[in-house]
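Below is one structure, written out as structure tokens; comments come after it.
Just so it is clear, none of the values below were taken in a lab; they were calculated from the coordinates. Just so it is clear, the structure is predicted and the values come from calculations on it, not from any experiment. When we count neighbours, we look across all protein chains shown, and the Cβ atoms used for this are built from the backbone with ideal geometry, even at glycine.
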Amino acid sequence: MSQQRIINGRYEVGELIGRGGMADVYIGHDTRLGRTVAIKMMRPDLARDPQFQTRFRREAHSSAALNHPNIVAVFDTGEEELPPNGEHAGLSLPYMVMEYVDGDTLRALLRKGDVTIDQAVEWTEGILGAVAYSHENHIVHRDIKPGNVMVDETGAIKVMDFGIARALSDSSATMTQTQAVVGTAQYLSPEQARGETVDSRSDLYSVGCVLFELLTGRPPFVGDSPVAVAYQHVREEPPSPTSLNPDITPALTSVLTKALAKDTEARFQSGKEFLTALRSAHYDGIGVTEDDSTTVIPPAVIPAEADPTQAMSSISAQDDSIFTPREELPESYEMTGHMDAVNGQRPRKKRRGWLIALLVILLLGGGAAAGWYFWNEAEQRRIEENQVDVPDVSGMPETEAQNALTTAGLRPILEYDHSDDVERDRAIGTSPAAGTVMQRYDEITLNISLGPDEVEIPDSLRGASEATVRDTLEELGLTVSDVTYVNSATIPRDRLVDTNPALGSTVAYGSTVALKISSGEVEVPDVRGMSEQEARNILEGNDLGLRVTIAPEPIETDEYRENHVAQQSLEGGKSVAQGSEISLTLAVPVPEPEPEPEESSPSPSSDESEEESDSPSPEADEDGENSEAGGRPDWVPGDDRGRDRDWNRGRGWGSD
């Protein structure tokens with residue numbers, strides 16, 4: 001947005017802090033209650049689409065109906081009408097005023113890595129608490145994923161974005177609309193992928209996918225396309241969690257197995273059941289069996305047919321049989337270490353004990369040596385069997401590189417860095433490098449490219465839609481700061497005219513870019529006083545693109561020169577739609593007024609002439625001549641000498 005504004009008389013709209021598939025999220029301030037809020041407003045380019053309008057209003061209705069500490073609260077909803085002088089004049093944008101959560105999404109935390117098993121279980125408990133509550137209120141979220149779950153500064157879970165939620169009673173609550181799957185492929189349940197009717201158990205499957213990723217660092221199914229991932233949800237089994245993280249206990253593995261069952265009847269049937277099993281597995285080590293019962297170690301039970309414990313009879317003091325020797329010692333017995341044979345026989349020769357001891361020692365030593373040898377051989381075979389070569393994943397897409405390392409038996413740990421040579425979201429390489437021999441299940445660092453430190457704003461974006469421009473810039477690591485509408489004669493309405501910094505310029509990674517979107521209008525200049533050709537060149541040029549016509553009747557005026565523009569049908573400075581028609585009226589001079597006819601009357605000069613003719617002229621008296629040449633006495637008709645004499649006085653020809 002180009003400037004801050006207030007909606008509903010109380011909410012100040014601040015800077016853009018997030019963008020979703022159909023709405024922008026701004027930080028806001030509730031002036032009435034003095035608290036920070038988040039304002040989610042539908043994008044203007046989607047507000048004319050009835051399907052998006054319905055989805056946005058459904059999210060507002062679903063979220064407002066839920067009041068739970070693990071669900072982002074909705075405080076207010078409404079519609080904001082855009083200014084009448086803007087591009088989207090008169091358009092009403094639905095908005096929601098929500099609880100502002102200061103934290104990170106699970107997606108961002110997973111990218112940072114180092115999610116412990118304790119954190120994974122704790123966060124999943126919060127998600128299960130939220131979905132269990134929504135299910136109790138007969139609402140299925142249908143899009144549980146790390147990007148829709150936030151962890152605030154206190155560690156509390158906040159589930160958001162009920163944009164595609166539906167009531168459990170809605171029999172049409174399937175996940176396909178116009179043959180397109182709605183939701184995120186990596187967290188779809190099998191019935192969602194098949195376009196079947198969903199219920200609360202679909203949400204629990206999605207929670208199982210999120211738990212799997214939190215424990216192992218990757219979703220249960222990955223692929224090159226959403227269709228490939230959806231197919232795996234329907235047909236294939238996920239990899240063993242312990243193959244990705246050996247620290248996962250068998251009890252937790254059993255919980256994951258049940259949560260990700262293909263058959264809805266084999267899954268957990270409620271969020272509370274899932275939550276109880278998760279806590280028992282993690283804190284008590286009690287797993288889940290296939291018959292839905294929790295495995296508990298039973299106490300020892302004495303079989304019925306066993307003999308009971310019996311008391312021993314007492315021994316009498318008079319009973320001395322126990323002290324009676326079994327046989328008498330021979331009389332010849334002496335304390336010499338041996339006994340003479342009875343009946344006069346001599347005892348055998350004394351065995352040599354030290355030979356026996358030596359033999360025992362040799363046997364024990366040989367056995368130990370042989371045991372060590374065989375153990376060492378077995379250990380070497382085990383090490384060799386578990387050795388894997390690091391595959392070369394350089395240049396692969398991030399998901400494909402993860403799959404290659406996981407298939408090789410390694411545990412990839414993602415790190416992100418800039419690279420001028422490797423495209424964004426592709427693998428730069430691994431550490432240790434490709435070809436290194438490692439032990440199965442060892443951790444390996446997978447370096448993913450963020451693209452170059454400096455990126456070029458593509459000039460090809462000119463004329464693209466706002467959504468396309470935003471997506472392209474975000475892929476380049478740039479952020480859209482605000483949007484303004486400008487006039488353009490050539491760029492269609494709602495298409496990009498230019499950016500700031502300009503298209504084609506190079507900016508630092510992570511920079512903000514302002515968009516200039518075409519309003520579909522042009523500003524009419526004032527061409528009065530210009531010649532017809534000058535006016536045409538301006539109005540019909542590439543900068544305006546208007547259609548010019550000339551009025552059939554010119555206007556008489558002395559204010560403008562002839563055949564110059566005196567009037568124009570569209571007022572100068574006014575914005576009009578591209579390709580509008582403007583009529584020019586040319587000027588013609590005002591005609592001079594015709595002289596009025598004079599009345600016939602005697603001329604005073606005639607009277608005077610007559611009077612003069614009646615009276616004799618003094619000169620005539622003197623010269624005796626009558627002047628008939630206008631009173632010039634020196635010139636007489638037919639007298640050439642007099643004419644020559646006058647002109648020779650310096651008034652005409654020379655004297656020669």
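Which residue, 75, 27, 61, has the largest displacement toward the positive end of the dipole of the stretch 8-104 when charges sit on each Cβ (Lys, Arg +1; Asp, Glu -1)?
Value computed over the given set: 61.
Quick check on the exposure proxy: order 396, 42 from fewest to most C-beta atoms within 10 angstrom.
Lowest count first: 396, 42.
So what is the orientation-averaged projected area of the stretch 5-100, using the convex hull of its C-alpha atoms, in nm²?
The Cα convex hull of the stretch 5-100, projected and averaged over all directions, gives 6.3 nm².
What dipole magnitude, in Debye to the nearest 20, does the stretch 5-100 give about its Cα centre under +1 on Lys/Arg Cβ and -1 on Asp/Glu Cβ? Before the final figure, lay out the partial values.
Working: 11 positive and 13 negative charges, 41 e Å.
Using only the charged Cβ atoms, the result is roughly 200 debye.
When a/c reaches 1.5 or more, the comparison of a/b and b/c decides; with that in mind, is the stretch 388-449 rounded, prolate or oblate per its Cα gyration tensor?
In terms of gyration-tensor shape, prolate.
List the extent of the Cα atoms of the stretch 454-519 along each of their three principal axes, largest first, rounded to whole Å.
Reported extents, whole Å, longest axis first: 32, 17, 15.
Can you tell me the equivalent ellipsoid semi-axes for the stretch 104-284? Use √(5λ) from the Cα gyration tensor, largest first, whole Å. Mind dumping the intermediate values first?
Values: eigenvalues 108, 67, 53 Å².
In descending order the semi-axes read 23, 18, 16 Å.
Under 5 Å between amide H atoms, partner at least 5 residues away or on a different chain: which partners does residue 240 have, H built in plane at 1.01 Å?
Excluding prolines and chain starts, which carry no amide H, there are no hits.
For the stretch 437-453, take each phi angle, set θ = phi - 60°, evaluate the Karplus expression 6.51 cos²θ - 1.76 cosθ + 1.60, and give the result in whole Hz per residue in order, putting x for glycine and proline.
Karplus values, whole Hz, x for Gly and Pro: 8, 10, 8, 4, 6, 6, 7, 9, 7, 10, 8, 10, 7, 9, x, x, 5.
Which pairs, out of 112/158; 112/516; 112/262, put more than 29 Å between their alpha-carbon atoms? Spell out each step's value before the answer.
On the way: 112/158 19 Å; 112/516 34 Å; 112/262 31 Å.
Beyond 29 Å between Cα atoms: 112/516; 112/262.
Assigning unit charges at the beta carbon (Lys, Arg +1; Asp, Glu -1) and nothing else, what dipole magnitude in debye, to the nearest 20, does the stretch 104-284 show about its Cα centre?
300 debye
Check which residues have an amide H placed less than 5 Å from residue 426's amide H, if you skip close sequence neighbours.
449
List every residue whose amide H lies under 5 Å from the amide H of residue 75, counting only residues 5 or more places away in sequence or on a different chain, with H placed 1.01 Å from N in the peptide plane.
Amide H neighbours of residue 75: 97, 98, 99.
Hey, what do the phi angles of the stretch 458-472 turn into as Karplus ³J(HN,Hα) couplings, whole Hz, using 6.51/-1.76/1.60 and θ = phi - 60°, x for Gly and Pro?
Per residue, the Karplus-derived 3J(HN,Hα) values read x, 5, 5, 6, 4, x, 7, 6, 4, 4, 5, 5, 4, 4, 5 Hz.
Regarding the stretch 365-480, what is the average projected area of its C-alpha convex hull, in nm²?
If you wrap the Cα atoms of the stretch 365-480 in a convex hull and average its projections, you get 9.3 nm².
In whole Å and largest first, what semi-axes does the C-alpha gyration tensor of the stretch 522-588 yield when each eigenvalue is scaled by 5 and square-rooted?
Those come to 20, 11, 10 Å.
Work through the residues other than residue 505 whose Cβ is under 12 Å from its Cβ and net out their charges, Lys, Arg +1 and Asp, Glu -1.
Spelling it out: positives minus negatives among the neighbours equals -4.
What ³J(HN,Hα) values, in whole Hz, does the Karplus curve 6.51 cos²θ - 1.76 cosθ + 1.60 give for the stretch 527-532 when θ = phi - 60°, with x put for Gly and Pro?
In residue order, the calculated couplings are 10, 5, x, 8, 6, 4 Hz.
Dipole magnitude of the stretch 454-519 about its Cα centre, charges +1 at Lys/Arg Cβ and -1 at Asp/Glu Cβ only, in debye to the nearest 20?
With only Lys, Arg, Asp and Glu charged at Cβ, the dipole is about 280 debye.
For 585, 276, 36, 216, which order do you get if you count the other beta carbons within 10 Å of each Cβ and list the fewest first?
So the ranking, lowest neighbour count to highest, is 36, 276, 585, 216.
Between residue 377 and residue 116, 0.36 nm times their residue separation minus their Cα-Cα distance comes to what?
So the extension gain works out to 90.3 nm.
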